[in-house]
1. What is the Cα coordinate range of the stretch 1-145 on the first, second and third principal axes, sorted by size from largest, in whole angstrom?
2. On average over all directions, what projected area in square nanometres does the chain have, based on the convex hull of its Cα atoms?
3. Probe of 1.4 angstrom, ligands and nucleic acids ignored: what's the accessible area per residue over the stretch 203-356, in square angstrom?
4. Give the shape of the stretch 273-326 as rounded, prolate or oblate, defined through the alpha-carbon gyration tensor: a ≥ b ≥ c are the square roots of its eigenvalues, a/c under 1.5 means rounded, and otherwise the shape is prolate if a/b is larger than b/c and oblate if not.
5. Please say if the stretch 189-244 is rounded, prolate or oblate, where rounded means a/c under 1.5 for a ≥ b ≥ c the square roots of the C-alpha gyration tensor eigenvalues, and otherwise the choice is prolate for a/b larger than b/c and oblate otherwise?
6. Suppose we take every Cα in the stretch 26-73 and form the convex hull; what volume per residue is that in Å³?
7. Considering only DSSP states other than H, G, I, E and B, which trypsin sites (Lys or Arg not before Pro) in the stretch 89-155 qualify as loop sites with at most 12 other Cβ atoms within 10 Å?
8. Hey, can you rank 278-287, 170-179 by average C-beta count inside 10 Å, highest first?
Amino acid sequence: MTHRILVIPGDGIGAEVMPHVLRVLETLDLELSFETGELGGVAIDKLGTPLPTPTLESARASDAVLLGAVGGPKWDDLPMEHRPEKGLLGLRAGLDAFANLRPAMLYAPLADASSLRPELVAGLDILIVRELTGGIYFGEPRGVENDNGRRRGFNTDEYTEDEIERIARVAFDLADKRKGRLTSVDKANVLEVTQLWRDVVTEVHADFPNIELDHLYVDNAAMQLVRAPKQFDVIVTGNLFGDILSDAAAMLTGSLGMLPSASLNAEGQGIYEPVHGSAPDIAGQNMANPLATILSAAMMLRYSLGEAEAANRVESAVNTVLEEGNRTADIMPAGGADGLRKVGTDAMADAVIAAL
Ligand code: NAD
């Protein structure tokens, strides 16, 4: 069966890296068909909107979307609803991609790049599952009101039982494919909505008796993440806590240029993209690390296309190129080091293809 992939290069280093990522995918000898779509700044310039209708229609008809990055200074002065990032939010909403998967994996050759001591992070392999389409980022009412001449700002944190249940099921399923441990993060001692979160996750646990479940308050989870991160396997949490914890966990691994992500819907369709943005400061200079997007493509193979073996091959090729000493500027220690070689975007991708 041919897998249909919508490729959205986007702006800045997104557009620069994507052709290399496609070269990597083509090396795998799988039945893949690629269509290209426009989103973000490039779509604003060509079609006057950050999310053209044909892009959304193609995304819906595809098995997966592989996305570079969107945005840049050229579009920063546009009103909020016309900005490139609106295209990305619209795409996620249009596909109902409610489950955001953010792995924090530390490749052994990069253990020195972490802000924590190497022994605390060597071999780190955590998966954070963040609810992406609900919670306080979307709750109504929201706004800033004038209250007798003084301003009052307010937001609403809300989750329905169904929203919690569907993200919990995704997280239990993923834990089942990994080490079998799930940590649910909430603030049930203060926020009622997260007491409901804790209750529903506990109820869903009845369907996954082989998974070890525990609950942590978010403040403790933040502390544990930087104290002893290897205790975690899969973490599931709401939109706001997940936003913060996933960035903290990401930094345990040292570099933005290494971090992939996935956003899945109930049908298993997903948007796969690096965590980093369009990096206008280095765009067009053959300096971008392509590994985050290559690893996003590996997640796509595993989670939307059912090609786990190919995903493993890509991930182990990435480990090989790092072991060989290939480093883009972002993962090169200041002052260099013996056995390490500074490479550009194209040479890093070439090394991955050679390793495959
Ligand atoms: P950024 O992630 O683009 O860059 C932050 C820093 O990290 C920069 O110094 C950049 O050079 C570096 N960097 C990022 N990715 C790298 C890579 N692959 N290799 C080497 N170095 C890398 O974040 P920013 O500068 O805050 O944002 C730039 C633009 O990207 C903005 O318009 C922002 O809105 C947009 N953005 C888009 C996304 C997305 O498309 N998902 C995410 C974040 C930011």
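1. 51, 49, 31
2. Across all orientations, the chain yields a mean hull projection of 19.5 nm².
3. Per residue, the stretch 203-356 has an accessible area of 40 Å².
4. Because a/c hits 1.5 or more and a/b fails to exceed b/c, the stretch 273-326 counts as oblate.
5. oblate
6. Dividing the Cα hull volume of the stretch 26-73 by its residues yields 89 Å³.
7. Loop-located and lightly packed - 142.
8. 170-179, 278-287
The values are calculated or read from the model by the stated rules, or taken from the named source; none is laboratory data. Here the structure is a predicted model, which means the values were calculated and not measured. Please note: Cβ atoms are built from the backbone with ideal geometry, for glycine as well, and neighbour counts cover all protein chains shown. The protein model used for the area step is the full one, side chains on, heavy atoms only, and it has no ligands, DNA or RNA in it. Shrake-Rupley method; radii C 1.70, N 1.55, O 1.52, S 1.80 Å.
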